[in-house]
Amino acid sequence: MGPPDVARRTRLLRLPTTGPGDTSALAAAIDAGEVDPNTIVAIVGKTEGNGCVNDFTRGYATLALKMLLAVTLGRALSEIEKRVAIVMSGGTEGGLSPHLLVFCREAAAAPSPGPRLAIGIGLTRDFAPEEIGRAPQIEETAAAVTRAREEAGIVAPADVHFVQIKCPLLTRERVEEAARRGVSPATEDAYHSMALSRGASALGVALALGEVNDAPEQAVCRDWSRYSGVASTSAGVELLRNEVVVLGNAPGWAGDLAIDHDVMSDAIDAAAAHRILKRLGVRGDGVAAVLAKADPAPSGAIRGRRHTMLDDSDIHATRHARALVGGVLAGAIGDTMLYVSGGAEHQGPAGGGPIAIIGRV
(Lines give C-alpha, C1' and ligand atoms only; values in the text may rest on other atoms or scores of the structure.)
Protein backbone atom coordinates (compact mmCIF):
# COMPACT_ATOMS: atom_id res chain seq x y z
CA MET A 1 0.00 0.00 0.00
CA GLY A 2 1.42 3.38 -0.98
CA PRO A 3 0.31 6.98 -1.44
CA PRO A 4 -2.62 7.66 -3.80
CA ASP A 5 -1.99 8.42 -7.47
CA VAL A 6 -3.93 11.70 -7.27
CA ALA A 7 -3.16 14.36 -4.67
CA ARG A 8 -5.89 14.94 -2.10
CA ARG A 9 -6.48 17.52 0.57
CA THR A 10 -8.44 17.34 3.82
CA ARG A 11 -10.47 20.45 4.51
CA LEU A 12 -11.80 20.89 8.06
CA LEU A 13 -14.52 23.28 9.22
CA ARG A 14 -15.20 23.79 12.93
CA LEU A 15 -18.70 25.22 13.22
CA PRO A 16 -20.71 26.31 16.29
CA THR A 17 -24.29 25.14 16.81
CA THR A 18 -27.14 26.73 18.74
CA GLY A 19 -28.91 23.41 19.34
CA PRO A 20 -28.89 19.75 18.26
CA GLY A 21 -30.90 20.45 15.10
CA ASP A 22 -28.95 23.55 14.05
CA THR A 23 -27.28 23.10 10.67
CA SER A 24 -27.32 26.78 9.72
CA ALA A 25 -23.55 27.31 9.92
CA LEU A 26 -22.88 24.39 7.59
CA ALA A 27 -25.67 25.49 5.24
CA ALA A 28 -24.17 28.99 5.14
CA ALA A 29 -20.72 27.61 4.36
CA ILE A 30 -22.17 25.55 1.51
CA ASP A 31 -24.17 28.50 0.16
CA ALA A 32 -21.09 30.73 0.30
CA GLY A 33 -19.07 28.21 -1.68
CA GLU A 34 -16.68 27.70 1.23
CA VAL A 35 -17.24 23.98 1.00
CA ASP A 36 -18.48 21.67 -1.74
CA PRO A 37 -21.02 19.29 -0.12
CA ASN A 38 -19.95 16.57 -2.57
CA THR A 39 -16.58 16.44 -0.79
CA ILE A 40 -17.94 15.94 2.75
CA VAL A 41 -16.98 12.48 4.02
CA ALA A 42 -17.43 12.79 7.79
CA ILE A 43 -19.05 15.01 10.40
CA VAL A 44 -18.06 14.68 14.05
CA GLY A 45 -19.87 16.76 16.63
CA LYS A 46 -20.88 17.44 20.22
CA THR A 47 -24.50 17.93 21.29
CA GLU A 48 -25.86 19.10 24.63
CA GLY A 49 -27.74 15.91 25.53
CA ASN A 50 -26.94 13.74 28.53
CA GLY A 51 -24.77 11.28 26.60
CA CYS A 52 -26.71 8.34 28.06
CA VAL A 53 -29.05 5.75 26.54
CA ASN A 54 -31.95 8.18 26.20
CA ASP A 55 -29.90 10.98 24.64
CA PHE A 56 -31.95 11.53 21.51
CA THR A 57 -30.15 14.77 20.66
CA ARG A 58 -27.58 12.61 18.86
CA GLY A 59 -30.19 11.11 16.54
CA TYR A 60 -31.86 14.49 16.10
CA ALA A 61 -28.57 16.12 15.10
CA THR A 62 -27.65 13.23 12.81
CA LEU A 63 -31.01 13.35 11.03
CA ALA A 64 -30.81 17.14 10.62
CA LEU A 65 -27.38 16.83 8.99
CA LYS A 66 -28.50 14.00 6.72
CA MET A 67 -31.52 16.01 5.61
CA LEU A 68 -29.40 19.08 4.85
CA LEU A 69 -27.01 17.03 2.74
CA ALA A 70 -29.82 15.14 1.03
CA VAL A 71 -31.55 18.36 0.00
CA THR A 72 -28.31 20.09 -0.98
CA LEU A 73 -27.05 17.16 -3.04
CA GLY A 74 -30.44 16.06 -4.34
CA ARG A 75 -29.95 12.55 -2.99
CA ALA A 76 -31.96 10.14 -0.84
CA LEU A 77 -31.17 9.80 2.86
CA SER A 78 -30.06 6.21 2.23
CA GLU A 79 -27.42 7.47 -0.21
CA ILE A 80 -26.11 9.99 2.32
CA GLU A 81 -25.76 7.19 4.87
CA LYS A 82 -23.53 5.27 2.46
CA ARG A 83 -21.13 8.12 1.75
CA VAL A 84 -20.88 10.21 4.94
CA ALA A 85 -19.94 8.99 8.42
CA ILE A 86 -21.73 11.06 11.06
CA VAL A 87 -20.57 10.75 14.66
CA MET A 88 -22.50 12.78 17.22
CA SER A 89 -21.42 12.60 20.86
CA GLY A 90 -23.79 13.74 23.58
CA GLY A 91 -22.74 15.71 26.62
CA THR A 92 -21.33 19.24 26.77
CA GLU A 93 -21.05 19.51 30.54
CA GLY A 94 -19.06 22.27 32.14
CA GLY A 95 -17.85 24.77 29.56
CA LEU A 96 -17.75 22.46 26.53
CA SER A 97 -19.21 24.26 23.52
CA PRO A 98 -21.52 22.36 21.10
CA HIS A 99 -20.07 22.26 17.61
CA LEU A 100 -19.52 20.31 14.40
CA LEU A 101 -16.26 19.21 12.79
CA VAL A 102 -16.90 18.83 9.06
CA PHE A 103 -14.24 16.84 7.20
CA CYS A 104 -14.00 17.21 3.42
CA ARG A 105 -11.80 15.25 1.04
CA GLU A 106 -10.88 17.35 -1.98
CA ALA A 107 -8.71 16.95 -5.06
CA ALA A 108 -5.47 18.95 -5.02
CA ALA A 109 -3.10 20.10 -7.74
CA ALA A 110 -0.04 18.68 -6.01
CA PRO A 111 0.83 17.10 -2.67
CA SER A 112 2.66 18.93 0.09
CA PRO A 113 6.38 18.22 0.61
CA GLY A 114 5.67 16.33 3.82
CA PRO A 115 2.83 14.16 5.13
CA ARG A 116 -0.45 15.95 5.75
CA LEU A 117 -3.77 15.15 7.38
CA ALA A 118 -5.39 12.15 5.71
CA ILE A 119 -8.86 10.77 6.33
CA GLY A 120 -10.44 7.42 5.58
CA ILE A 121 -13.97 6.15 6.25
CA GLY A 122 -15.10 2.63 7.10
CA LEU A 123 -18.60 1.27 7.73
CA THR A 124 -19.37 -2.11 9.21
CA ARG A 125 -22.51 -4.11 8.56
CA ASP A 126 -25.39 -3.81 11.03
CA PHE A 127 -24.90 -5.83 14.20
CA ALA A 128 -27.45 -8.20 15.69
CA PRO A 129 -28.16 -7.49 19.38
CA GLU A 130 -26.25 -10.57 20.50
CA GLU A 131 -23.11 -9.43 18.59
CA ILE A 132 -22.73 -6.10 20.41
CA GLY A 133 -19.81 -6.19 22.82
CA ARG A 134 -18.64 -9.52 21.48
CA ALA A 135 -16.18 -10.99 18.97
CA PRO A 136 -18.15 -10.11 15.79
CA GLN A 137 -18.10 -6.42 16.70
CA ILE A 138 -14.36 -6.54 17.48
CA GLU A 139 -13.53 -8.33 14.24
CA GLU A 140 -15.80 -6.27 11.98
CA THR A 141 -14.44 -3.06 13.49
CA ALA A 142 -10.85 -4.16 12.93
CA ALA A 143 -11.63 -4.87 9.28
CA ALA A 144 -13.35 -1.48 8.84
CA VAL A 145 -10.38 0.33 10.40
CA THR A 146 -8.01 -1.46 8.03
CA ARG A 147 -10.14 -0.53 5.01
CA ALA A 148 -10.31 3.10 6.12
CA ARG A 149 -6.56 3.30 6.67
CA GLU A 150 -5.89 1.87 3.23
CA GLU A 151 -8.42 4.24 1.66
CA ALA A 152 -6.57 7.16 3.24
CA GLY A 153 -3.20 5.91 2.02
CA ILE A 154 -1.81 5.90 5.55
CA VAL A 155 1.14 3.59 5.10
CA ALA A 156 2.05 2.63 8.66
CA PRO A 157 -0.26 2.01 11.63
CA ALA A 158 1.97 4.35 13.64
CA ASP A 159 0.87 7.19 11.34
CA VAL A 160 -2.73 6.81 12.52
CA HIS A 161 -3.34 9.38 15.25
CA PHE A 162 -7.06 9.10 15.97
CA VAL A 163 -9.84 6.65 15.13
CA GLN A 164 -13.31 7.98 15.88
CA ILE A 165 -16.10 5.42 15.96
CA LYS A 166 -19.85 5.66 16.47
CA CYS A 167 -21.23 2.35 17.68
CA PRO A 168 -24.66 0.99 18.66
CA LEU A 169 -26.13 0.08 22.03
CA LEU A 170 -28.83 -2.25 23.29
CA THR A 171 -32.36 -1.10 24.02
CA ARG A 172 -35.12 -3.10 25.67
CA GLU A 173 -36.68 -3.64 22.26
CA ARG A 174 -33.44 -5.03 20.83
CA VAL A 175 -32.93 -7.32 23.84
CA GLU A 176 -36.46 -8.69 23.47
CA GLU A 177 -35.97 -9.24 19.73
CA ALA A 178 -32.93 -11.38 20.50
CA ALA A 179 -34.88 -13.33 23.13
CA ARG A 180 -37.59 -14.15 20.58
CA ARG A 181 -34.89 -15.76 18.44
CA GLY A 182 -33.63 -17.75 21.42
CA VAL A 183 -30.29 -15.94 21.80
CA SER A 184 -28.89 -13.87 24.66
CA PRO A 185 -27.07 -10.55 24.30
CA ALA A 186 -23.93 -9.77 26.29
CA THR A 187 -26.06 -7.83 28.78
CA GLU A 188 -29.67 -6.81 29.28
CA ASP A 189 -28.63 -3.53 30.91
CA ALA A 190 -28.91 -0.80 28.27
CA TYR A 191 -26.41 1.49 29.96
CA HIS A 192 -23.83 -1.28 30.43
CA SER A 193 -24.27 -2.18 26.77
CA MET A 194 -22.84 1.25 25.90
CA ALA A 195 -19.63 0.37 27.73
CA LEU A 196 -19.43 -3.07 26.11
CA SER A 197 -19.99 -1.64 22.64
CA ARG A 198 -17.41 1.11 23.15
CA GLY A 199 -14.94 -1.38 24.59
CA ALA A 200 -15.34 -3.95 21.83
CA SER A 201 -14.99 -1.24 19.19
CA ALA A 202 -11.83 0.12 20.84
CA LEU A 203 -10.30 -3.36 20.97
CA GLY A 204 -11.09 -3.68 17.27
CA VAL A 205 -9.01 -0.56 16.66
CA ALA A 206 -6.17 -1.88 18.81
CA LEU A 207 -6.24 -5.18 16.91
CA ALA A 208 -6.23 -3.51 13.49
CA LEU A 209 -3.30 -1.25 14.35
CA GLY A 210 -1.21 -3.91 16.09
CA GLU A 211 -1.52 -2.33 19.53
CA VAL A 212 -2.57 -5.73 20.90
CA ASN A 213 -1.73 -9.21 19.67
CA ASP A 214 -5.24 -10.51 20.25
CA ALA A 215 -8.57 -9.19 21.46
CA PRO A 216 -10.82 -11.96 22.80
CA GLU A 217 -14.36 -10.98 23.70
CA GLN A 218 -13.66 -12.14 27.27
CA ALA A 219 -11.35 -9.13 27.59
CA VAL A 220 -14.09 -6.57 26.91
CA CYS A 221 -14.51 -4.37 29.98
CA ARG A 222 -12.45 -6.85 32.02
CA ASP A 223 -8.82 -6.83 30.92
CA TRP A 224 -7.80 -3.17 31.12
CA SER A 225 -4.21 -3.97 30.08
CA ARG A 226 -5.51 -4.21 26.52
CA TYR A 227 -6.26 -0.80 25.03
CA SER A 228 -5.73 1.51 22.09
CA GLY A 229 -3.87 4.78 22.35
CA VAL A 230 -5.76 6.32 19.41
CA ALA A 231 -9.31 4.94 19.66
CA SER A 232 -12.30 7.10 20.55
CA THR A 233 -15.64 5.32 20.58
CA SER A 234 -19.09 6.72 21.28
CA ALA A 235 -22.25 4.61 21.61
CA GLY A 236 -25.72 5.73 20.56
CA VAL A 237 -29.23 4.47 20.00
CA GLU A 238 -29.45 6.00 16.53
CA LEU A 239 -27.60 3.28 14.58
CA LEU A 240 -26.93 -0.47 14.39
CA ARG A 241 -23.52 -0.47 12.71
CA ASN A 242 -20.11 1.01 13.49
CA GLU A 243 -19.13 4.13 11.59
CA VAL A 244 -15.36 4.59 11.51
CA VAL A 245 -13.30 7.71 10.83
CA VAL A 246 -9.53 7.18 10.63
CA LEU A 247 -7.32 10.26 10.90
CA GLY A 248 -3.57 10.26 10.36
CA ASN A 249 -0.76 11.79 8.35
CA ALA A 250 0.18 10.47 4.93
CA PRO A 251 2.20 11.38 1.84
CA GLY A 252 0.28 12.36 -1.25
CA TRP A 253 -1.98 14.76 0.64
CA ALA A 254 -1.93 18.55 0.36
CA GLY A 255 -2.95 21.47 2.55
CA ASP A 256 -1.70 22.89 5.82
CA LEU A 257 -3.28 20.45 8.29
CA ALA A 258 -1.47 17.78 10.29
CA ILE A 259 -2.50 15.69 13.29
CA ASP A 260 -0.64 14.34 16.30
CA HIS A 261 -1.75 12.53 19.43
CA ASP A 262 -0.73 11.60 22.93
CA VAL A 263 -2.30 9.69 25.80
CA MET A 264 -3.52 11.41 28.93
CA SER A 265 -2.46 9.26 31.89
CA ASP A 266 -5.31 10.67 33.94
CA ALA A 267 -8.03 13.32 33.77
CA ILE A 268 -5.76 16.23 34.69
CA ASP A 269 -2.85 15.37 32.41
CA ALA A 270 -2.69 18.71 30.59
CA ALA A 271 0.95 17.98 29.78
CA ALA A 272 -0.21 15.55 27.08
CA ALA A 273 -1.84 18.43 25.19
CA HIS A 274 1.25 20.61 25.61
CA ARG A 275 3.46 17.86 24.19
CA ILE A 276 1.29 17.63 21.08
CA LEU A 277 1.25 21.38 20.57
CA LYS A 278 5.04 21.46 20.82
CA ARG A 279 5.49 18.64 18.31
CA LEU A 280 3.07 20.24 15.85
CA GLY A 281 4.53 23.67 16.45
CA VAL A 282 1.12 25.34 16.77
CA ARG A 283 -0.61 27.60 19.25
CA GLY A 284 -3.81 29.63 19.46
CA ASP A 285 -5.42 30.05 16.04
CA GLY A 286 -3.18 27.31 14.71
CA VAL A 287 -5.32 24.71 16.51
CA ALA A 288 -8.00 23.48 14.10
CA ALA A 289 -9.59 20.81 16.31
CA VAL A 290 -9.11 18.95 19.58
CA LEU A 291 -10.48 15.44 20.12
CA ALA A 292 -10.20 13.60 23.43
CA LYS A 293 -11.64 10.87 25.64
CA ALA A 294 -12.65 11.20 29.28
CA ASP A 295 -13.24 8.57 31.93
CA PRO A 296 -13.62 8.60 35.73
CA ALA A 297 -10.68 6.82 37.35
CA PRO A 298 -12.05 3.43 38.46
CA SER A 299 -9.72 3.45 41.47
CA GLY A 300 -11.73 6.32 42.94
CA ALA A 301 -8.65 8.55 43.08
CA ILE A 302 -6.67 10.89 40.85
CA ARG A 303 -3.00 11.11 41.79
CA GLY A 304 -3.81 9.91 45.27
CA ARG A 305 -6.69 12.34 45.83
CA ARG A 306 -10.14 10.83 46.30
CA HIS A 307 -12.82 11.78 43.77
CA THR A 308 -16.58 11.28 44.11
CA MET A 309 -17.53 10.86 40.47
CA LEU A 310 -18.38 7.17 40.89
CA ASP A 311 -20.56 7.78 43.96
CA ASP A 312 -22.86 10.50 42.62
CA SER A 313 -26.39 9.15 42.17
CA ASP A 314 -27.62 12.39 40.56
CA ILE A 315 -25.11 12.89 37.76
CA HIS A 316 -23.47 9.94 36.05
CA ALA A 317 -19.70 9.62 36.36
CA THR A 318 -19.07 9.99 32.63
CA ARG A 319 -20.73 13.41 32.72
CA HIS A 320 -18.45 14.50 35.56
CA ALA A 321 -15.45 13.20 33.61
CA ARG A 322 -16.34 15.14 30.46
CA ALA A 323 -16.65 18.35 32.45
CA LEU A 324 -13.35 17.77 34.25
CA VAL A 325 -11.32 16.86 31.17
CA GLY A 326 -13.02 19.60 29.16
CA GLY A 327 -11.97 22.19 31.73
CA VAL A 328 -8.40 20.92 31.89
CA LEU A 329 -8.01 20.96 28.11
CA ALA A 330 -9.78 24.30 27.68
CA GLY A 331 -7.18 25.83 29.97
CA ALA A 332 -4.36 24.23 28.02
CA ILE A 333 -5.72 25.09 24.56
CA GLY A 334 -7.44 28.39 25.33
CA ASP A 335 -10.73 27.34 23.75
CA THR A 336 -13.88 25.53 24.88
CA MET A 337 -14.91 24.25 21.45
CA LEU A 338 -13.46 20.82 22.17
CA TYR A 339 -14.65 17.34 21.25
CA VAL A 340 -14.48 15.50 24.58
CA SER A 341 -16.26 12.15 24.64
CA GLY A 342 -17.04 10.20 27.82
CA GLY A 343 -16.63 6.49 28.39
CA ALA A 344 -13.05 5.45 27.61
CA GLU A 345 -13.21 1.67 27.98
CA HIS A 346 -10.02 0.26 26.39
CA GLN A 347 -9.27 3.76 25.09
CA GLY A 348 -6.06 4.64 26.85
CA PRO A 349 -5.19 3.47 30.37
CA ALA A 350 -7.89 3.24 33.04
CA GLY A 351 -8.83 6.76 34.13
CA GLY A 352 -6.99 8.35 31.19
CA GLY A 353 -7.55 8.51 27.45
CA PRO A 354 -6.24 9.49 24.02
CA ILE A 355 -6.08 13.12 22.89
CA ALA A 356 -5.42 14.30 19.34
CA ILE A 357 -4.92 17.81 18.00
CA ILE A 358 -5.25 18.88 14.39
CA GLY A 359 -3.11 21.91 13.67
CA ARG A 360 -2.34 24.26 10.80
CA VAL A 361 1.32 23.73 10.09
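The values are calculated or read from the model by the stated rules, or taken from the named source; none is laboratory data. All values derive from a computational prediction rather than experimental measurement. Here Cβ is always computed from backbone atoms with ideal geometry, including for glycine, and neighbour counts include all displayed protein chains.
Kindly evaluate Glu106 against the criterion of being within 22 Å of Leu291 (Cβ to Cβ), modelled with pLDDT of 95 or more, part of a loop (DSSP other than H, G, I, E, B) and of a type outside the set (Ser, Thr, Tyr).
no
Taking the criterion of being outside any helix (DSSP H, G or I), in contact with a Ser or Thr (Cβ under 9 Å, 6 or more places away or on another chain) and crowded, with 16+ Cβ neighbours inside 10 Å, would at least one residue in region 64-77 satisfy it?
Just the residues of region 64-77 that are outside any helix (DSSP H, G or I), to begin with: 74-76.
With the extra rule that they be in contact with a Ser or Thr (Cβ under 9 Å, 6 or more places away or on another chain), the set shrinks to none.
Taking every residue of region 64-77 in turn, none turns out to be outside any helix (DSSP H, G or I), in contact with a Ser or Thr (Cβ under 9 Å, 6 or more places away or on another chain) and crowded, with 16+ Cβ neighbours inside 10 Å.
Out of Gly49, Gly45, I need the residue that is under 22 Å from Asp335 (Cα atoms), modelled with pLDDT under 95 and outside any helix (DSSP H, G or I). Which one?
Working: Gly45 fails: modelled with pLDDT under 95.
Result of the check over Gly49, Gly45: Gly49.
Checking Ala202 against (1) modelled with pLDDT of 95 or more; (2) aliphatic (A, V, I, L, M); (3) assigned to a loop (DSSP other than H, G, I, E, B), which test does it fail?
(3) is the only condition that Ala202 fails.
Is it true that some residue in region 302-315 is in contact with a His (Cβ under 7 Å, 6 or more places away or on another chain) and outside any helix (DSSP H, G or I)? Explain how you work it out, then say what you get.
Just the residues of region 302-315 that are in contact with a His (Cβ under 7 Å, 6 or more places away or on another chain), to begin with: 309, 312.
Now narrow it down to the ones that are outside any helix (DSSP H, G or I): 312.
So far as region 302-315 goes, yes, one or more of its residues are in contact with a His (Cβ under 7 Å, 6 or more places away or on another chain) and outside any helix (DSSP H, G or I).
Out of region 266-298, which residues are surrounded by fewer than 17 Cβ atoms within 10 Å (Cβ to Cβ) and modelled with pLDDT under 95?
Selection gives Arg283, Gly284, Asp285, Pro298.
Search region 215-252 for residues being over 18 Å from Leu169 (Cα atoms) and charged (D, E, K, R), and hand back the single one that is nearest to the chain's Cα centre (by Cα).
Arg226
Please verify whether Val263 is in a strand (DSSP E or B), surrounded by fewer than 21 Cβ atoms within 10 Å (Cβ to Cβ) and of a type outside the set (Phe, Trp, Tyr), treating the condition exactly as stated. Before you say what the answer is, go through the steps one by one.
Details: in a strand (DSSP E or B): yes; surrounded by fewer than 21 Cβ atoms within 10 Å (Cβ to Cβ): yes; of a type outside the set (Phe, Trp, Tyr): yes.
Yes; evaluated as a whole, the condition is true for this residue.
Quick check: is even one residue across region 23-35 surrounded by fewer than 17 Cβ atoms within 10 Å (Cβ to Cβ), modelled with pLDDT of 95 or more, in contact with a helix residue (DSSP H, G or I) (Cβ under 7 Å, 6 or more places away or on another chain) and in a strand (DSSP E or B)?
Looking through region 23-35, none of the residues is surrounded by fewer than 17 Cβ atoms within 10 Å (Cβ to Cβ), modelled with pLDDT of 95 or more, in contact with a helix residue (DSSP H, G or I) (Cβ under 7 Å, 6 or more places away or on another chain) and in a strand (DSSP E or B).
State which residue pairs qualify: first residue within 21 Å of Phe56 (Cα to Cα) and inside region 19-34, second residue hydroxyl-bearing (Ser, Thr, Tyr) and assigned to a helix (DSSP H, G or I) in any location, beta carbons under 8 Å apart, and separation of 6 or more residues or different chains.
If the second residue must be hydroxyl-bearing (Ser, Thr, Tyr) and assigned to a helix (DSSP H, G or I), the pairs left are Pro20/Thr57; Pro20/Tyr60; Gly21/Tyr60.
Out of the residues in region 78-103 that are outside any loop (DSSP other than H, G, I, E, B) and of a type in the set (D, E, K, R), which is farthest from the chain's Cα centre (by Cα)? First the steps, then the outcome.
Here is the first cut: in region 78-103, the ones outside any loop (DSSP other than H, G, I, E, B) are 78-83, 85-90, 99-103.
From what is left, the residues that are of a type in the set (D, E, K, R) are 79, 81-83.
Working: Glu79: 22, Glu81: 17, Lys82: 18, Arg83: 17 Å.
So the residue we want is Glu79.
Yes/no matrix, rows are residues, columns are (1) of a type in the set (Ser, Thr, Tyr); (2) part of a helix (DSSP H, G or I); (3) closer than 24 Å to Arg14 by Cβ:
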residue: Ile268; (1), (2), (3): no, no, no
residue: Arg279; (1), (2), (3): no, yes, yes
residue: Pro298; (1), (2), (3): no, no, no
residue: Thr318; (1), (2), (3): yes, yes, yes
residue: Arg322; (1), (2), (3): no, yes, yes
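Would you please name the residue that is surrounded by the most Cβ atoms within 10 Å (Cβ to Cβ), looking only at residues in region 92-134 that are among the charged types (D, E, K, R) and in contact (Cβ under 8 Å) with a residue 60 or more places away in the chain?
Restricting attention to region 92-134, the residues satisfying the condition of being among the charged types (D, E, K, R) are 93, 105-106, 116, 125-126, 130-131, 134.
Right, trim to in contact (Cβ under 8 Å) with a residue 60 or more places away in the chain and you get 93, 105-106, 116, 125-126, 134.
On the way: Glu93: 22, Arg105: 20, Glu106: 16, Arg116: 24, Arg125: 12, Asp126: 12, Arg134: 20.
Ranking the qualifying residues of region 92-134, first place goes to Arg116.
When you look at Arg360, is it more than 12 Å from Ala292 (Cα to Cα), in contact with an Asp or Glu (Cβ under 6 Å, 6 or more places away or on another chain) and at pLDDT 95 or above, yes or no? Show your work before the answer.
Details: more than 12 Å from Ala292 (Cα to Cα): yes; in contact with an Asp or Glu (Cβ under 6 Å, 6 or more places away or on another chain): yes; at pLDDT 95 or above: yes.
Yes.
Based on this model, can you work out whether Arg147 counts as more than 23 Å from Ala356 (Cα to Cα), surrounded by fewer than 24 Cβ atoms within 10 Å (Cβ to Cβ), of a type in the set (Lys, Arg) and over 16 Å from the mean Cα position of the chain (by Cα)? Walk me through it before giving the result.
Working: more than 23 Å from Ala356 (Cα to Cα): no; surrounded by fewer than 24 Cβ atoms within 10 Å (Cβ to Cβ): yes; of a type in the set (Lys, Arg): yes; over 16 Å from the mean Cα position of the chain (by Cα): yes.
So Arg147 fails the test.
Taking the stated definitions as given, is Thr10 in contact with a Gly (Cβ under 8 Å, 6 or more places away or on another chain), polar (S, T, N, Q), surrounded by 14 or more Cβ atoms within 10 Å (Cβ to Cβ) and outside any loop (DSSP other than H, G, I, E, B)? Reasoning before the result, please.
Details: in contact with a Gly (Cβ under 8 Å, 6 or more places away or on another chain): yes; polar (S, T, N, Q): yes; surrounded by 14 or more Cβ atoms within 10 Å (Cβ to Cβ): yes; outside any loop (DSSP other than H, G, I, E, B): yes.
Yes, satisfied.
Cβ-Cβ under 7 Å, sequence separation 6+ or interchain: first residue in region 176-199 and more than 18 Å from Ala219 (Cα to Cα) and in contact (Cβ under 8 Å) with a residue 12 or more places away in the chain, partner assigned to a helix (DSSP H, G or I) and hydrophobic (A, V, I, L, M, F, W, C). Which pairs?
Ser184/Ala178; Glu188/Val175
Exactly one condition in (1) surrounded by fewer than 19 Cβ atoms within 10 Å (Cβ to Cβ); (2) closer than 26 Å to Ala321 by Cα; (3) at pLDDT 95 or above is not met by Asn54; state its number.
(3)
Which members of region 328-357 meet the condition of being in a helix (DSSP H, G or I), within 12 Å of Ala292 (Cβ to Cβ) and among the small types (Gly, Ala, Ser)?
Ala330, Ala332
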